[in-house]
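Peer 1: Take this structure, written in structure tokens, and hold onto it; I'll ask about it next.
The values are calculated or read from the model by the stated rules, or taken from the named source; none is laboratory data. Quick caveat, the model's predicted, so the values are computed rather than measured. When we count neighbours, we look across all protein chains shown, and the Cβ atoms used for this are built from the backbone with ideal geometry, even at glycine.
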């Protein structure tokens, strides 16, 4: 008899769990700008994009021709003046929050 009394409670807990699991695995889908080939020439548009705090993958999707250097990456220190290499600063979630062209 006790098993029968607990059955509705178990069903309720199972349903709540089933509804909660998809909410925990939310993947953020953000609308990104169209890919921009070549080096960065429009700095205002680039700064707007960086203000979105993109992930490194999103950066590479939008700016496929710009070399992205992340903290810890080994890179040569030659001087480039064409905005073709971006040294990124990351936040705790590993999103790009700033950086500089070098």
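Peer 1: Within 21 Å of residue 94 (Cβ to Cβ), more than 12 Å from the chain's Cα centre (by Cα) and modelled with pLDDT of 90 or more, is that true of residue 39? Full working, then the answer.
Peer 2: Working: within 21 Å of residue 94 (Cβ to Cβ): no; more than 12 Å from the chain's Cα centre (by Cα): yes; modelled with pLDDT of 90 or more: yes.
Answer is no for this residue.
Peer 1: Is it fair to say residue 54 is surrounded by fewer than 17 Cβ atoms within 10 Å (Cβ to Cβ) and touching a strand residue (DSSP E or B) at 6+ places or on another chain (Cβ under 9 Å)?
Peer 2: Values: surrounded by fewer than 17 Cβ atoms within 10 Å (Cβ to Cβ): no; touching a strand residue (DSSP E or B) at 6+ places or on another chain (Cβ under 9 Å): yes.
No, not satisfied.
Peer 1: Hey, another quick one. Within the stretch 62-86, count every residue that is surrounded by fewer than 17 Cβ atoms within 10 Å (Cβ to Cβ), closer than 18 Å to residue 97 by Cβ and out of contact with any strand residue (DSSP E or B) (no Cβ under 9 Å at 6 or more places or on another chain).
Peer 2: Residues in the stretch 62-86 being surrounded by fewer than 17 Cβ atoms within 10 Å (Cβ to Cβ), closer than 18 Å to residue 97 by Cβ and out of contact with any strand residue (DSSP E or B) (no Cβ under 9 Å at 6 or more places or on another chain): 1 in total.
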